[in-house]
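In what follows, a structure is listed as structure tokens, so that the remarks can point back to it.
Just so you know, all these numbers are worked out from the coordinates, no wet-lab data involved. The structure displayed is predicted, hence computed values, not measured ones. Neighbour counts are summed over all protein chains in view; Cβ atoms, including those assigned to glycine, are modelled from backbone coordinates with ideal geometry.
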Amino acid sequence: MRDFRFSANVFGIPSREALQERCRRAESAGFHTIFAPDHLGAPAPFPVLQAAADATEHLRVGTLVLNAPFWNPALLAREAASIDILSDGRLELGLGSGHMKWEFDTAGIPWEPFGARARRLEETITELRRFFTSDLAALPGGRSPLPIQRTGFDGSGPPLIVGGTGDRVLSIAARYADIIGIAGVYQIEGKPPGTFRLGTAADADDRVRFAREQAGGRAGDVEWHVLVQMVVPTDDRRAAAEELVRRFDGEMTVDEALETPFLLIGTVAQMAEQLRASRERYGFSYITVHEPYYEAFESVVELMRSEAVTQ
């Protein structure tokens, strides 16, 4: 069973110093990684990662996750290799197929059916693997960077994260990824793209089972990642869950809200126990929370870190 790794993503950059202070605090508290998402309305991911790496000594930095259709593979390879070098080999490169239609529309990028976006994701992975070997470095001048890390992309680049919920994306993750992320929100069938519901424990069971079957002999080598959607500190788990269910307009029951791995509800000790139970049930050992819940989650990380030291 893998040791836990803890992480948070960054939604905004009020200032350089504020971002870097948050990263230093995260490193001190025992977080392992700071992630940047790839959404319009959020900061550009790679400058955020560079600022985070510059402010810290050991904190890893990553993308969670890049929308593959937004990126030209050759240019993405250059960006990723540069960050890997400048962070002293601390990059984790996360890729997904994209799921927010309005972002594509706003950026003037064609919104294709899901199958086409999944193919673009797989093509991006295979192209990155090619560019991480020698193709870019062989160009005139010979100064194009290559990654320091040689763990992902068949030993040619940084660790690869692939996250999603659908069969096609999880099949791609099973073939290529070092870290498989099981997403916490699910497109509601029959609703416009970007209309989501929170995943249940049954959803997580099904998606992990499917990904493990697709990974076959690789499944034991994969690191399993979960993005927690909310962290809710409370002394009364059921009352807090009842309030959340009202906010979710009855999309899940109270018991489902208490059981899902995509919510953390309770005291610090109860949330730590939820994470241990999720690792046992699903294999989730790499935990990420959204930035608004960082402070609430920090106490959980510190508790689990102190328990690991005393064991």
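Roughly how many debye, to the nearest 20, is the charge dipole of the chain about its Cα centre, given +1 on each Lys and Arg Cβ, -1 on each Asp and Glu Cβ, and no other charges?
Rounded to the nearest 20 debye, it is 700 debye.
Once you order the gyration tensor axes a ≥ b ≥ c over the Cα atoms, which shape class does the chain get: rounded for a/c under 1.5, otherwise prolate or oblate by comparing a/b with b/c?
prolate
In what sequence, highest mean first, do 217-228, 150-161 appear when ranked by Cβ atoms within 10 angstrom?
Put in order of decreasing packing, that is 150-161, 217-228.
Where the eigenvalues come from the Cα gyration tensor of the range 188-259, what are the semi-axes √(5λ) of the equivalent ellipsoid, largest first, in whole Å?
With the √(5λ) rule applied to the range 188-259, the semi-axes are 28, 17, 10 Å.
Say the dipole of the chain comes from +1 at the beta carbon of Lys and Arg and -1 at that of Asp and Glu; which of GLY155, GLY96, ALA269 then lies farthest toward its positive end?
About the Cα centre, the residue reaching furthest to the positive side is GLY155.
Tell me, Kirkwood radius of the range 70-204 from alpha-carbon pair distances, in Å?
16.0
Using per-residue counts of other Cβ atoms within 10 Å, averaged over each peptide, order 199-206, 94-101 from highest down.
94-101, 199-206
Assign one of three labels to the range 166-289, namely rounded, prolate or oblate, based on the Cα gyration tensor with a ≥ b ≥ c the square roots of its eigenvalues; rounded applies when a/c is under 1.5, prolate when it is not and a/b is larger than b/c, and oblate otherwise.
Oblate, since a/c reaches 1.5 and b/c is not below a/b.
Over all directions, what mean area does the Cα convex hull of the range 1-154 project, stated in square nanometres?
About 10.5 nm², averaged over all directions.
Among DSSP beta bridges whose residues both lie in the chain, state the antiparallel percentage, nearest 5.
Rounded to the nearest five, the antiparallel share is 10 percent.
For the chain, what is the mean residue ellipticity at 222 nm derived from helices alone (per DSSP H run of n ≥ 4: -39500 (n - 2.57); sum divided by total residues; nearest 500 deg cm²/dmol)?
Counting only the DSSP helices, I get -14000 deg cm²/dmol.
Take each of the peptides 125-132, 176-183, average the number of other beta-carbon atoms within 10 Å over its residues, and list them starting from the highest. Display every interim value, and only then the final one.
Numbers: 125-132: 20.5, 176-183: 24.6.
Per-residue Cβ counts within 10 Å, averaged per peptide and sorted highest first, yield 176-183, 125-132.
Compute the long axis of helix 45-55 from its Cα atoms, compare it with the longest principal axis of the Cα atoms of the chain, and write down the angle in degrees, 0 to 90, nearest 10.
80
In the range 64-177, if the dipole is taken from +1 on Lys/Arg beta carbons and -1 on Asp/Glu beta carbons about the Cα centre, which of PHE131, GLY108, ALA80 is farthest to the positive end?
PHE131
How large is the charge dipole for the range 19-135, taken about the Cα centre, if only the Cβ atoms of Lys, Arg (+1) and Asp, Glu (-1) carry charge, to the nearest 20 debye?
160
Amide H to amide H under 5 Å from LEU95: which residues, 5+ apart in sequence or cross-chain, H placed 1.01 Å off N in plane?
LEU66, ILE161, VAL162, GLY163
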